[in-house]
Amino acid sequence: MLWLMVFVPFFIHTNHAIVPAVPAAQPEELGTVKWLRNFDEALAVAKKSDKPVLILFQEVPGCATCRNYGNNVLSHPLLAEAIETIFVPLAIYNNKDGEDAKVLKRYGEPAWNNPVVRIVDQTGKDIIPRVNGNYTAWGLVQAMLQALDLQSRVAPAYLDLLNEEFSAELRGTETATFPMYCFWTGEGHYGNTTGVVATQPGFMEGREVVQVTFDPAVVSYEKLIRTGKKASCADGVFYHNAAQKSVAEKVLVGGVIAAKSNFKTDKEPKYYLSKTHYRFVPMTPLQAARANALAGKGQNPQAVLSPRQIELAKLIQQHPQKPWKSRIGEAITTAWAATEATRIGKP
């Protein structure tokens, strides 16, 4: 479990939510989210906390689709945090009798079905259309953002960043490689560029370079060259395809234009971030790129972090004796689990 807590049969109060305790062996179909299991109870909590309710209709035990949704979507640390703290989480089993069956009937949901998500108000009325047939993290984030917008609630920055990252993955990203005099500066520049979702410093043909993963629907390759050149972070390009070569030949005058070759990763990625205690905080690639850019300008990376990430950073500062490990470059889900193990003293 990513969020280890004392297993008691009542609600646990945190700074950011009122959530139920997690069972010792929660079904994998539910991910790591701490769900309520009673509809009336969820509405009561929603009224008290002035939050909408996010209902997961799930088959437990379920098929591969149900298990994958739990393991891949509902176990993402930031998605779990958003569900638990912005909404009131309620899980309804679609293959059980009793109270679960009553809720299925109320909403006309079929039994023995793949995962369905509804976001409802404090009276149980749908805020947005049910999420059905979309089993991606992007689909869930889109639903949450739409529900918040329709209720005139402000979405936290970290949720917007997740949407940006997942949207780019869904549409398809491209890679660009720029040689420069200093890849520390280059990572800081491109990490703060809208449309860039990941950065990686390294070497190519003996030159310091930054590999940039970007969403071409948001920022063009030409703009990356022009802004990089203006910031002295694009002495040329190592193009990845014929289209990039064509653009570079039109934009660059006197710069290096060559085909990409072997890329060797630098041993100190996110250099500015790596010099702060935030290096121990698990982040998504986009968060890390933005946090590194902020650190490079002497600004606080908290602007792109979630409340739980910020709390973790404070805990790390308070307990420097613990064997914290840099999580830069690690997948956030596994990194969060490992960091949590360090926090509670597990080997």
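Summed over segment 251-285, the residues that are modelled with pLDDT of 95 or more, under 21 Å from THR175 (Cα atoms) and part of a helix (DSSP H, G or I) give a count of 2.
Return a yes/no flag: does segment 147-160 have any residue that is in a helix (DSSP H, G or I), more than 21 Å from PHE214 (Cβ to Cβ) and either among the charged types (D, E, K, R) or more than 20 Å from the chain's Cα centre (by Cα) (or both). Yes; the residues of segment 147-160 include at least one that is in a helix (DSSP H, G or I), more than 21 Å from PHE214 (Cβ to Cβ) and either among the charged types (D, E, K, R) or more than 20 Å from the chain's Cα centre (by Cα) (or both). Residues that are part of a helix (DSSP H, G or I) and under 24 Å from ASN163 (Cα atoms) were ranked within segment 186-221; the one that is nearest to the chain's Cα centre (by Cα) is GLY191.
Please go through segment 228-244 and pick out each residue that is assigned to a helix (DSSP H, G or I) and surrounded by 15 or more Cβ atoms within 10 Å (Cβ to Cβ). If the condition is that a residue be assigned to a helix (DSSP H, G or I) and surrounded by 15 or more Cβ atoms within 10 Å (Cβ to Cβ), then GLY228, LYS229, GLN244 are the ones that fit.
Exactly one residue among THR185, THR213, THR136 is surrounded by 14 or more Cβ atoms within 10 Å (Cβ to Cβ), in contact with a Phe, Trp or Tyr (Cβ under 8 Å, 6 or more places away or on another chain) and of a type in the set (Ser, Thr, Tyr), and that residue is THR136.
The single condition among (1) touching a Pro at 6+ places or on another chain (Cβ under 7 Å); (2) surrounded by fewer than 13 Cβ atoms within 10 Å (Cβ to Cβ); (3) small (Gly, Ala, Ser) that SER261 does not satisfy is (1). Could you grab me the full set of residues in segment 58-93 that are out of contact with any helix residue (DSSP H, G or I) (no Cβ under 6 Å at 6 or more places or on another chain) and free of Cβ contacts under 8 Å to residues at least 40 places away in the same chain? Within segment 58-93, PRO61, ALA64 meet the criteria. Filtered by the rule that a residue be touching a Ser or Thr at 6+ places or on another chain (Cβ under 9 Å) and hydroxyl-bearing (Ser, Thr, Tyr), segment 146-176 gives TYR158, THR173, THR175.
Can you find, within segment 317-347, the residue that is surrounded by the most Cβ atoms within 10 Å (Cβ to Cβ) among those that are assigned to a loop (DSSP other than H, G, I, E, B) and of a type in the set (D, E, K, R)?
Per the stated criteria, the residue is ARG327.
For segment 209-252, what are the residues that are without any contact (Cβ under 8 Å) to a residue 40 or more places away in the chain and among the acidic types (Asp, Glu)? Listed by number, the residues that qualify are GLU222, GLU249. Only a single item in (1) buried (at least 16 other Cβ atoms within 10 Å of the Cβ); (2) modelled with pLDDT of 95 or more is not met by LYS297, and it is number (1). Among residues of segment 29-57 that are of a type in the set (Asp, Glu), those with a beta-carbon under 6 Å from a residue that is crowded, with 24+ Cβ neighbours inside 10 Å and not in a helix (DSSP H, G or I) at least six positions away or on a different chain give the pairs GLU29/GLN58. Applying the set (1) under 22 Å from TRP138 (Cβ atoms); (2) touching a strand residue (DSSP E or B) at 6+ places or on another chain (Cβ under 6 Å) to GLU81 leaves exactly one unmet item: (2).
The values are calculated or read from the model by the stated rules, or taken from the named source; none is laboratory data. These figures come from a predicted structure and were not determined experimentally. Neighbour counts run over all protein chains shown; Cβ positions are idealised from the backbone, glycine included.
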